[in-house]
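To start, the structure under review is shown below, and the notes come after it.
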Amino acid sequence: MSNAWKIYMLAIISFLVGTSEFIIAGILDKVADDIGVSVSAAGQLITVFSLAYAIGTPILMAVTARVERRQLLLYSLGVFAIGNLIAVALPGFEFLIVSRVVLALSTGVFVVTALTVASKLAPVDKQGSAIATLVMGFSTALIVGVPLGRVVASVYDWHLIFGAIGLLGLLAMLLILSSIPKTDGEEPVPLRNQLALLKQPKIVTALTVTFLWIGGYSIVYTYISPFLLSVTKLSEQGVSIGLFAFGIASLIGSKFGGYSTDKWGAPRTLVSGMLFHTIALVLLSLAGQSPVIVFPLLMIWAFTAWSSGPTQQYHLMSLAPEASGIMLSLNSSVLQLGMAAGAGLGGVVVEQVSLTSISWIGATGVILAAATAATSFGFSRRARSRRKIAESSLAKTSA
């Protein structure tokens with residue numbers, strides 16, 4: 001098997017672990033009904049996953065830094081299979097929470113390790129493409145995994161989804177064992193070195209943008225299936241089609257975000273994308289009751305929301321080029337914290353206010369992110385202008 005095919009194989013496995021993360025949002029109402037909790041309580045399964053991922057992954061990666069990479073991939077997939085088994089075999093909400101924690105930790109370790117392995121399998125001039133291929137595999141879970149999971153949960157028991165994912169995880173272990181070469185571990189980056197970057201105001205501001213943007217997104221996405229069923233009054237088939245359309249639009253939006261960043265720059269792409277993201281959520285709040293209108297709104301929302309992803313990653317890497325890996329790790333953790341906060345706040349809104357309120361409250365988070373980003377870019381632009389003026393004056397004085 002060529003290295004290119006090995007990278008594609010890792011991308012397919014990334015799709016599998018990505019499905020385990022995103023699937024809950026697609027079947028939230030069915031899980032809630034089956035285990036006897038409210039939809040808002042079931043939504044906290046996403047909060048738990050994101051918190052465990054955000055806090056646990058950097059720690060586990062530091063602890064296992066010297067472990068041989070293929071072995072670490074196998075370990076993480078083994079734990080991943082156990083996490084799915086817990087969801088299938090052990091009844092009750094408490095064990096489902098345990099399952100989400102185990103899945104979050106194993107998913108985080110697998111994704112980070114797979115990105116490292118893929119970059120080493122690829123030629124030096126193709127490492128970026130290799131990483132993009134893996135990210136694409138993970139993101140494709142939104143396009144195929146979530147709507148497919150919704151269909152399976154509608155026809156069969158939702159437990160079957162986790163059982164199938166667990167079995168496929170075991171199969172993935174065999175594929176990795178037979179095809180991925182051994183790769184040495186690395187020197188661990190001390191956690192204090194990672195946190196030292198947080199002393200820089202521009203980095204803290206950029207990470208705040210990530211938190212507000214993804215938090216606003218998560219408030220709505222966590223409860224999108226109940227929203228489409230109860231507010232829009234879609235059928236089961238309609239919800240599955242809606243989730244599929246959402247996934248397709250998110251993929252196109254992500255591609256467009258990368259293109260736009262290269263062509264027009266990060267500031268314009270990021271701020272305009274978040275403004276349109278806000279508008280889409282406000283319109284969803286106003287016209288979400290119409291099945292005819294809700295489909296294009298879902299696609300506009302997904303397109304604008306995911307266009308910010310590659311742009312924000314590029315922007316963060318540009319703030320500290322010498323520590324790009326750490327910046328992406330910090331951004332990933334903050335992103336998961338934003339997901340957790342959004343799911344938690346969304347649960348409160350659904351419980352205390354109404355299901356129809358989630359979209360405009362989510363829009364509030366996104367517009368705050370846009371305002372923060374615009375202000376930060378404005379300060380940076382003025383600082384560069386002052387620096388150029390100072391340099392010009394110094395040059396004239398020297399002459």
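Some observations on this one:
- Computed over the chain, the alpha-carbon pair-distance distribution with 10 angstrom bins reads 5, 22, 32, 25, 11, 3, 1, 0, 0, each value a whole percent.
- The slack between W5 and L286, meaning 0.36 nm per residue of separation minus the straight C-alpha distance, is 96.5 nm.
- The stretch 245-327 shape via C-alpha gyration tensor axes, a/c threshold 1.5: prolate
- Carbon/sulfur fraction of accessible area - the chain, other protein chains in place, 1.4 Å, %: 69
- Using a probe of 1.4 Å on the protein chains alone, the accessible area found for D29 is around 20 Å².
- Seen from Y156, the other residues with C-beta closer than 14 Å to its C-beta sum to a net charge of -1, counting Lys and Arg as +1 and Asp and Glu as -1.
- Computed over protein heavy atoms with a 1.4 Å probe, the accessible surface of the chain works out to 44 Å² per residue.
- Adding -39500 (n - 2.57) for every DSSP H run of four residues or longer, then dividing by how many residues the chain holds, sets the calculated 222 nm ellipticity at -29000 deg cm²/dmol.
- Charge tally in the Cβ shell below 15 Å around L174, where Lys, Arg are +1 and Asp, Glu are -1, L174 excluded: +2
- Global geometry of the stretch 204-264, whether rounded, prolate or oblate, following the gyration tensor of its Cα atoms and the 1.5 cut on a/c: oblate
- Charge dipole (debye, nearest 20) of the stretch 19-80; +1 at Cβ of Lys and Arg, -1 at Cβ of Asp and Glu: 400
- All C-alpha pair distances within the stretch 71-155, sorted into 10 Å bins from zero, spread as 16, 34, 35, 12, 3 percent across the bins.
- The packing ranking, built from the mean of other Cβ atoms within 10 Å per residue, places the peptides 244-257, 157-170 in the order 244-257, 157-170, highest first.
- When each of K202/K263; K182/K202; K120/K255; K120/K263; K6/K255 is checked by Cα-Cα distance, pairs over 32 Å: K182/K202
- Applying a length cut-off of 18 Å (Cα extent along the axis) and a mean Kyte-Doolittle floor of 1.6 to the DSSP H helices of the chain leaves 39-63, 93-121, 159-179.
- Dipole magnitude (debye, nearest 20) for the chain, charges at Cβ of Lys, Arg, Asp, Glu: 1600
- Using only side-chain charges placed at the Cβ, +1 for Lys and Arg and -1 for Asp and Glu, the dipole size of the stretch 1-154 relative to its Cα centre rounds to 540 debye.
- Extension gain, I12 to L170, is 55.5 nm, computed as 0.36 nm per intervening residue step minus the present C-alpha separation.
- Among L51, L115, the sequence by solvent-accessible area, most first, with a 1.4 Å probe is L51, L115.
The values are calculated or read from the model by the stated rules, or taken from the named source; none is laboratory data. Keep in mind it's a predicted model, so treat the numbers as computed, not measured. Cβ sites come from the backbone with ideal geometry, for glycine too, and all protein chains shown count toward neighbours. Surface accessibility is based on the protein's heavy atoms, side chains included, excluding ligands, DNA and RNA. Shrake-Rupley method; radii C 1.70, N 1.55, O 1.52, S 1.80 Å.
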